[in-house]
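Let me begin by presenting the structure, written as structure tokens, before commenting on it.
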Amino acid sequence: MPTDSLGNPVTLQNASSLAALNDFVEGVIACEARCVNVFQVAATDHSAIVQACCAALQLFAESRDASYAAAPFLHRAQAALAADTQVTPRERRFVAAVAAWAAGDIARARALHAEQAEEFPRDLVSLKIGQYHCFNQGDSAAMLRLALAAQARAADVPYFYGMLAFGYEQCHQLDLAEQAARKGIHMCQKEPWAQHAVAHVMLTQGRVREGHSFMQAMSPTWTDLNSFMVTHNWWHQALFAIELKHHDDALRLFDEQVWGVVKTYSQDQVNAISLLSRLELRGVDVGGPGGARWQDVASFLIPHTQDQLSPFLDLHYLYGLARAGKPEADVLMRNIDTHAQASAQRDPVWQQVAAPAARGLLAHARGDKARAAQHLAQALPRLIAIGGSHAQRDWFEQIHADAAAPTRAIH
């Protein structure tokens, strides 16, 4: 039986599909755009693993249509499970985890990825997706547990160390995070997720000049990455620039590196919204409510008003729409409230955290600081539940601080 590049046995209908499957495996863990090459064999190889990988890529789109786009691939994957008795237990569990993700059963998906990390620790794609789910639910300890479960068997893979480092960093174990990240970078300098973990550590520790220099030195390796990874690492560099009061440089990075790679992608949009707002909070005129930058970003946010897949994403969309003066901000606010009420029992984070945070962000974007401070204060103590990193959630803290100390109106 053939194996993927990490040594995991795979059941393929066509041996020639292995190269594309390896592009997926290596691309996901290295944050490289070549992961999408698996689509090239999806029409001719209906094996469970190939189809499940394609379904996972569709779900990473983080849109309300993603599960529909993933459905045909999952149907073929499950048909292959029923027809082929040679499919391995690892592949079966991976298909089940992706199917649970598509169905919105993240608890089951997380449980399956945790089992996979224990039983098949070299399935680093499963580990990466499992950490993604834990991250989106603010469960940093679970992120770290997943990585630690695989450490003994995956220690030879440089990209493993970025996953381990980010787990440590989100658990505030900063020295261990930097050690792990630097080990991965030593093994392979082009390890963008490990570089990203170092940026987090340095920002948290106030090592701003060092962080800026480090990311600048690493930036020549940011080639052939997926849009999220390349824009997000430049976003981190822009945060260092803001802390150094190099505001013109940060705005240049927005225009040249952070916004414009894949404007339709949720994570690129989140980076852009957050960066523009952070610059405004420092008194930088980024174009005003009717300015070109906010208008450009907002034009790509309008399709998200009915998503309600992630409170973290919806809150950013809401702020971006409101800063651009779009009426769709009110539509999204109503949809968040409706979803919060409907999901109060099964997913209380929407009602307890997302809805008050949304009201606060909407008020701040429209200049009502008193109302913004009131609602954000209600949400902040439990904000970790919406997901995002410490650095990303700090944006909400900054907006609250600006609202609570109304010395200057935003432009």
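The values are calculated or read from the model by the stated rules, or taken from the named source; none is laboratory data. These figures come from a predicted structure and were not determined experimentally. Note that we place each Cβ from the backbone using ideal geometry, even for glycine, and neighbour counts take in every protein chain shown. All accessible areas refer to the heavy atoms of the entire protein, side chains included, with ligands and DNA or RNA removed. Shrake-Rupley method; radii C 1.70, N 1.55, O 1.52, S 1.80 Å.
Take the residues of the stretch 173-198 that are touching a residue at least 60 places away in the same chain (Cβ under 8 Å) and not in a helix (DSSP H, G or I): which is least open to solvent (accessible area, probe 1.4 Å)?
If we take residues in the stretch 173-198 being touching a residue at least 60 places away in the same chain (Cβ under 8 Å) and not in a helix (DSSP H, G or I), then Glu191 is least open to solvent (accessible area, probe 1.4 Å).
So, in the stretch 199-233, exactly how many residues are under 21 Å from Met163 (Cβ atoms), assigned to a helix (DSSP H, G or I), open to solvent by 10 Å² or more (accessible area, probe 1.4 Å) and not hydroxyl-bearing (Ser, Thr, Tyr)?
Number of matching residues: 5.
So how many residues does the stretch 384-398 have that are open to solvent by less than 10 Å² (accessible area, probe 1.4 Å) and farther than 16 Å from Phe240 by Cβ?
Final tally of qualifying residues: 4.
Yes/no per residue for (1) open to solvent by 20 Å² or more (accessible area, probe 1.4 Å); (2) part of a helix (DSSP H, G or I):
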position: Leu21; (1), (2): no, yes
position: Phe24; (1), (2): no, yes
position: Gly27; (1), (2): no, yes
position: Cys35; (1), (2): no, yes
position: Thr44; (1), (2): yes, no
position: Leu74; (1), (2): no, yes
position: Ala82; (1), (2): yes, yes
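Which residues, counting only those in the stretch 282-306, are closer than 19 Å to Arg334 by Cβ and surrounded by fewer than 20 Cβ atoms within 10 Å (Cβ to Cβ)? Let's see the steps before the verdict.
Of the residues in the stretch 282-306, the ones closer than 19 Å to Arg334 by Cβ are 298, 301-306.
Of everything in the stretch 282-306, those that are closer than 19 Å to Arg334 by Cβ and surrounded by fewer than 20 Cβ atoms within 10 Å (Cβ to Cβ) turn out to be Ile302, Pro303, Gln306.
Could you list, in sequence order, all residues of the stretch 53-70 that are in a helix (DSSP H, G or I) and touching a helix residue (DSSP H, G or I) at 6+ places or on another chain (Cβ under 7 Å)?
Quick first cut of the stretch 53-70, residues in a helix (DSSP H, G or I) only: 53-59, 66-70.
Scanning the stretch 53-70 gives Cys53, Cys54, Ala55, Ala56, Leu57, Gln58, Leu59, Ala66, Ser67, Ala69, Ala70.
Scan the stretch 343-362 and tell me whether some residue there is farther than 26 Å from Ala404 by Cα and either among the basic types (Lys, Arg) or surrounded by 16 or more Cβ atoms within 10 Å (Cβ to Cβ) (or both).
yes
Report every pair of residues separated by at least 6 positions or lying on different chains whose Cβ atoms are under 7 Å apart, first residue within the stretch 115-142 and over 26 Å from Gln308 (Cα atoms), second among the basic types (Lys, Arg).
Glu115/Arg93; Gln116/Arg90; Gln116/Arg93; Phe120/Arg90; Pro121/Arg153; Arg122/Arg153; Asp123/Arg90
Residues are listed down the side, and each one gets a yes or a no for (1) of a type in the set (Gly, Ala, Ser); (2) under 27 Å from the mean Cα position of the chain (by Cα):
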{"site": "Pro2", "(1), (2)": "no, no"}
{"site": "Ser17", "(1), (2)": "yes, no"}
{"site": "Asp23", "(1), (2)": "no, yes"}
{"site": "Ala52", "(1), (2)": "yes, yes"}
{"site": "Ala56", "(1), (2)": "yes, yes"}
{"site": "Ser67", "(1), (2)": "yes, yes"}
{"site": "Phe73", "(1), (2)": "no, yes"}
{"site": "Leu81", "(1), (2)": "no, no"}
{"site": "Phe94", "(1), (2)": "no, yes"}
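What residue, among those in the stretch 256-272 that are open to solvent by 10 Å² or more (accessible area, probe 1.4 Å) and assigned to a helix (DSSP H, G or I), is farthest from Phe60 (Cα to Cα)?
Of everything passing the filter in the stretch 256-272, Glu256 is farthest from Phe60 (Cα to Cα).
Quick check on my filter: what residues within the stretch 330-361 are in contact with a Lys or Arg (Cβ under 8 Å, 6 or more places away or on another chain) and under 15 Å from Phe312 (Cβ atoms)?
Of everything in the stretch 330-361, those that are in contact with a Lys or Arg (Cβ under 8 Å, 6 or more places away or on another chain) and under 15 Å from Phe312 (Cβ atoms) turn out to be Val349, Gln352, Val353, Gly360.
Search the stretch 108-147 for residues being closer than 22 Å to Gly388 by Cβ and not in a helix (DSSP H, G or I), and hand back the single one that is most open to solvent (accessible area, probe 1.4 Å).
Restricting to residues being closer than 22 Å to Gly388 by Cβ and not in a helix (DSSP H, G or I), the top hit is Gln137.
Could you go through the stretch 341-358 and let me know if any residue there is outside any helix (DSSP H, G or I) and aliphatic (A, V, I, L, M).
The answer is yes, given that some residue of the stretch 341-358 is outside any helix (DSSP H, G or I) and aliphatic (A, V, I, L, M).
Within the stretch 97-107, how many residues are touching a residue at least 12 places away in the same chain (Cβ under 8 Å) and in a helix (DSSP H, G or I)?
Residues flagged as touching a residue at least 12 places away in the same chain (Cβ under 8 Å) and in a helix (DSSP H, G or I) within the stretch 97-107 amount to 7.
Which ones in the stretch 298-317 are in a helix (DSSP H, G or I) and over 18 Å from the mean Cα position of the chain (by Cα)?
Answer for the stretch 298-317, where residues must be in a helix (DSSP H, G or I) and over 18 Å from the mean Cα position of the chain (by Cα): Ala298, Ser299, Ile302, Pro303.
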